[in-house]
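Here is the structure we will look at.
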There are 2 protein chains.
Amino acid sequence: MASLKLPEVVPSPTQDSERLRNAFQGIGTDEKELILVLGHRNAQQRKEIRETYHQIYKESLVDSLQSELSGDFRNAIVLWTCDSSERDAKLARDALKAKRKGIKQLQILVEIACATSPNHLMAVRQTYCALYDCSLEEDIIASVSPPLTKILVGLVSSYRHDKVTVNSEVAKSEAEKLHEAIKNKQLEDDHVVWILCTRNFFQLRETFTCYKQLYNNTFEEDIKVCGKGDLASLLNVVVWCIDRPEKHFAKVIRDSIVGFGTDEDSLNRGIVTRAEIDLLKVRFEYANMFKTNLDDDVIGDTSGDYKEFLLTLLGKGPKGD
Amino acid sequence: MASLKLPEVVPSPTQDSERLRNAFQGIGTDEKELILVLGHRNAQQRKEIRETYHQIYKESLVDSLQSELSGDFRNAIVLWTCDSSERDAKLARDALKAKRKGIKQLQILVEIACATSPNHLMAVRQTYCALYDCSLEEDIIASVSPPLTKILVGLVSSYRHDKVTVNSEVAKSEAEKLHEAIKNKQLEDDHVVWILCTRNFFQLRETFTCYKQLYNNTFEEDIKVCGKGDLASLLNVVVWCIDRPEKHFAKVIRDSIVGFGTDEDSLNRGIVTRAEIDLLKVRFEYANMFKTNLDDDVIGDTSGDYKEFLLTLLGKGPKGD
């Protein structure tokens, strides 16, 4: 359920590269043209454009965007245009190097580990090592304090299988283990970490359903009651990202908009990283959770090319060609 | 330092496939010819032969070997011919499904995690999921008992960066942490697991060197004194596989030979899986540790085509063409 709209006939990567190059040249940059092209190409097409652009002009497209643009529009379109494993490796690095590393920052690691595919997560780890000469896990251990370290290292190290296979007995027995950990206020117990970090997403959703059937409360409700501060908040993000990522990202976007000013980094992340995955579901969940319209909220909080670009990713901007 | 010997002019994959096919046909199989071809091709060449053979004869080369051969020779040449990530996924699965899962079985997981490259380990995890609809970590948790589970899950989940970068201060501080764990007899401490499962191999070797300088004993000597049974034995394998894998594999081969009868599975593993990595070093270390010659020991304990094939991988068999 992606919101991205592609033209009926997609131009060749060479044609697109030439249009982008022309948009950069002359007095001022033609931002509308950048949106018309890049805002209407999927990941594979953008990859081909990056490669072709580099071949023709001996320059990186992302570098061109960086140097020709500025502000929130630049950040959003760069995030959209660069390779998704590089994008997520950089987001993870920024989160770990932030001065303050609260849940707002650390949840980015959970999103990468629990709301993307296992192969994507592997690619992010490889890219992280290549970019920073240091593994993602090493950076987590060096910069995050217990008890969050263990669960975060486990999550980013996971490689879950992705077939739709569910074992109801395992779900029941692991729901019981999770409940046991809640009762003992042992949220960092090895079994909790293993269950959340090794089971496939379908199995875990069954386990959460089973938990609710057995104990009336949902697992995340019980986590909150268990009240373990940051660990409880982080585990809540884990459950949402696994169970219903659209709910998590609706909240990320909402939090970025409400209050004084806009948190553009979070807004970009919520919209740009989900545009090809589940942004339509996020929009639906947003309306459901907050009784307000996501498109209207974006229009109210952004302006100019930045607004146009985000609306394009939401499937509401100018028609691409 | 590999022992494999390639012919000066390597035939095309089509020529090799035809030779192999001919060797299978007629009355009886021409095992000598199989050794002459497959025993003198590197991993990339064997991959191309597998693909070409399949294209021409619509049959898997590994399946042909399985059905045309028997006994130890078959097992060894199949291990050698199949894709290395599939080979290791199968070795890991067999180890975890063995009735008795002592160090002898579990050390196979350590070898895959600590004595191969990070990218190879990732490929093994992917293949494991594809073959068994279950992740390697899930199988470890289901079939290995604490306190071994935690370290094994950590090791197989690692993705270490592979640049030669070493930080001496980190080495010193982590040698101290390892020593602290030894003193407290807390070998399954989170810090021990994190150090052994996330640091790159060069850094860890520096840490082990530092340990010896600071505390006179080596880390593995102190592990033994700490005496935690299976966990201590497993950690010993971890340290050897990281620090000097040739030492570990020399011991694997020696153990497979001494005593009554030969443990062909271990002998195959020691020779076949290291032939393209460090078998010359293993041979040197073998002489050093056991004051006897590896080639002679193989000759003494094996016979026929099986012996010829192992000697070929040791660089001592018939010259390939």
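Each value in this text was obtained by applying a stated rule to the coordinates, not by laboratory testing. Bear in mind the structure is a predicted one, so any value in this text is a computation, not a measurement. Here the Cβ positions follow ideal geometry from the backbone for every residue, glycine too, while neighbour counts run over all protein chains shown.
For the reader, a short list of remarks on this structure follows.
- Vicinal HN-Hα couplings computed from phi for the stretch A:81-88 (Karplus, 6.51 cos²θ - 1.76 cosθ + 1.60; Hz; Gly/Pro x): 8, 6, 3, 5, 6, 5, 4, 6
- A quarter of the convex hull surface defined by the alpha-carbon atoms of the stretch A:246-294 gives 2.9 nm² as the mean projection.
- Residue-averaged [θ]222 nm for chain A, counting only DSSP H segments that reach four residues, each worth -39500 (n - 2.57): -21500 deg cm²/dmol
- Cα centroids of the stretch A:20-57 and the stretch A:194-255: 39 Å apart.
- Within-11-Å neighbourhood charge of A:G304 [Cβ basis; K, R +1; D, E -1]: -2
- Relative contact order (%) - criterion: Cα under 8 Å, at least six apart; region: chain B: 24 percent
- Rg to Rh quotient for chain A, alpha carbon positions, Kirkwood Rh: 0.99
- Charge dipole (debye, nearest 20) of chain A; +1 at Cβ of Lys and Arg, -1 at Cβ of Asp and Glu: 520 debye
- B:Q44 label point (Cα plus 7 Å toward Cβ) to equivalent points in the other copies: 2.8 nm, shortest first.
- Global geometry of the stretch B:168-243, whether rounded, prolate or oblate, following the gyration tensor of its Cα atoms and the 1.5 cut on a/c: rounded
- Global geometry of the stretch A:110-153, whether rounded, prolate or oblate, following the gyration tensor of its Cα atoms and the 1.5 cut on a/c: oblate
- Cα long-axis angle, helix A:13-24 against chain A (0 to 90 degrees, to the nearest 10): 70 degrees
- Net charge dipole, the protein assembly as shown: roughly 840 debye, given to the nearest 20, about the Cα centre with Cβ charges of +1 for Lys and Arg and -1 for Asp and Glu.
- Once the C-beta distance of B:N217 and B:A98 is scaled by a Förster radius of 30 Å, the resulting FRET efficiency is 0.35 to the nearest 0.05.
- Taking the fewest neighbouring Cβ atoms within 10 Å as the starting point, the ordered list for B:V144, B:V9, A:V166, A:V153 is B:V9, A:V166, B:V144, A:V153.
- Based on the Stokes-Einstein relation at 25 °C and a viscosity of 0.890 mPa s, and on the Kirkwood radius from alpha carbon pairs, the protein assembly as shown is assigned a translational diffusion coefficient of 89 µm²/s.
- Straight-line reach from B:K224: taking Cα to Cα under 25 Å and skipping same-chain neighbours fewer than 8 places apart, the lysines in range are B:K101, B:K104, B:K150, B:K172, B:K177, B:K183, B:K185, B:K212, B:K247, B:K251, B:K291.
- Sequentially through the stretch A:277-288, phi angles give Karplus couplings (6.51, -1.76, 1.60; θ = phi - 60°) of 10, 8, 5, 5, 5, 4, 4, 5, 5, 4, 4, 5 Hz, Gly and Pro residues having no value and appearing as x.
- Of the residues B:I141, B:I35, the one with the fewest other Cβ atoms within 10 Å heads the list, and the complete ranking is B:I141, B:I35.
- Short to long, the 5 Å bins of the Cα pair-distance histogram for the stretch B:1-112 hold 2, 11, 20, 21, 18, 12, 9, 6, 2, 0 percent of all pairs.
- Electrostatic dipole magnitude of the stretch A:246-294 [Cβ: Lys, Arg +1; Asp, Glu -1; Cα centre; debye, to 20]: 220 debye
- Axis-nearest residue of B (beta carbon) for the B-onto-A rotation, whole Å: B:S157, 2
- Sequence-distant contacts, meaning Cα pairs under 8 Å at least 6 residues apart, place the relative contact order of the stretch B:267-321 at 35 percent.
- Projected-area average for the stretch A:271-321 over all orientations - Cα convex hull basis, square nanometres: 3.7 nm²
- Residue exposure sequence - A:K291, B:K281, B:K5, B:K183 - by fewest surrounding Cβ within 10 Å: A:K291, B:K183, B:K5, B:K281
- C-alpha long axis of helix B:230-243 to longest principal axis of chain B, angle in °: 70 degrees
- Tensor-based shape of the stretch A:203-284 (alpha-carbon gyration tensor, a/c under 1.5 rounded, otherwise prolate or oblate): oblate
- Dipole of the stretch A:84-156 computed with +1 at Lys/Arg Cβ and -1 at Asp/Glu Cβ about the Cα centre; of A:C129, A:A95, A:I141, farthest Cα towards the positive end is A:A95.
- Projected-area mean, the stretch A:78-173, by convex hull of Cα positions, square nanometres: 7.5 nm²
- Estimated vicinal HN-Hα couplings, Hz - the stretch B:25-36 in sequence order (Karplus 6.51, -1.76, 1.60; Gly, Pro = x): 8, x, 7, x, 9, 8, 4, 4, 5, 4, 5, 4
- Nm distances between copies for B:K224, ranked from closest, using label points 7 Å along Cα→Cβ: 5.6
- Structural descriptor for the stretch A:200-321: relative contact order 17 percent, calculated from alpha carbon pairs under 8 angstrom and at least 6 residues apart.
- Straight-distance candidates among the lysines for linking to B:K5, with alpha-carbon spacing under 18 Å and chain neighbours fewer than 8 residues away dropped: B:K32, B:K47, B:K281, B:K307, B:K316, B:K319.
- Peptide A:135-143, shielding by other chains (average Cβ, 10 Å cutoff): 5
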